[in-house]
1. Pull up region 113-128, narrow it to residues that are buried (at least 19 other Cβ atoms within 10 Å of the Cβ) and touching a helix residue (DSSP H, G or I) at 6+ places or on another chain (Cβ under 7 Å), then point me to the one that is nearest to residue 27 (Cα to Cα).
2. If you scan region 96-112, which residues turn out to be in contact with a helix residue (DSSP H, G or I) (Cβ under 9 Å, 6 or more places away or on another chain), closer than 24 Å to residue 72 by Cβ and part of a strand (DSSP E or B)?
3. Kindly evaluate residue 105 against the criterion of being at pLDDT below 90 and under 28 Å from residue 46 (Cα atoms).
4. Report every pair of residues separated by at least 6 positions or lying on different chains whose Cβ atoms are under 7 Å apart, first residue within region 57-72 and closer than 18 Å to residue 44 by Cα, second in a helix (DSSP H, G or I).
5. Which of the residues spanning region 80-96 are more than 14 Å from residue 37 (Cα to Cα) and exposed (fewer than 10 other Cβ atoms within 10 Å of the Cβ)?
């Protein structure tokens, strides 16, 4: 399994670790299957549970790979392979990146963005899946930062254009006042 080797960020805030997030505590157990399982069965399970992937584990429950909706589309549908005879092991991404529950959200957000993958299995000390984070989970973490940045940008824009806004506001009030006076005449 390819694990994160980067040094954790020094800038931490509340909920900075994967395990601190509400998403982590409320996540259902990830969908798993064996490498020898036919793709068709995995796709049915994914559809039934509305999951975007299935984690491929060995007989001890340790992660061997991952199969995503994209894998099914490009490798099965796109290559016209038979989903009943093709196995998860035939199309899985071997040794996917995995995280530990005490890893930092921002580190993984950067890695996932740079390496262009959307699903991150979280494993226990034995390499067994505990949870699965998606890009959506990371968006919920960064959303407060984005709102704050937008607010600061709006303040900076208004502050730098305040004289023009004041003049424009004065003209607008004058025009409305004139219309009211004309309407009363």
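The values are calculated or read from the model by the stated rules, or taken from the named source; none is laboratory data. What you see is a predicted model; the values in this text were computed from it and never measured. Methodologically, a virtual Cβ is constructed for each residue, glycine included, from the backbone with ideal geometry; neighbour enumeration extends over all protein chains shown.
1. The qualifying residue nearest to residue 27 (Cα to Cα) is 122.
2. 97, 99
3. So residue 105 passes the test.
4. From residues that are closer than 18 Å to residue 44 by Cα, the pairs are 67/42; 67/88; 67/91; 71/91; 72/39; 72/43.
5. Across region 80-96, the qualifying residue is only 80.
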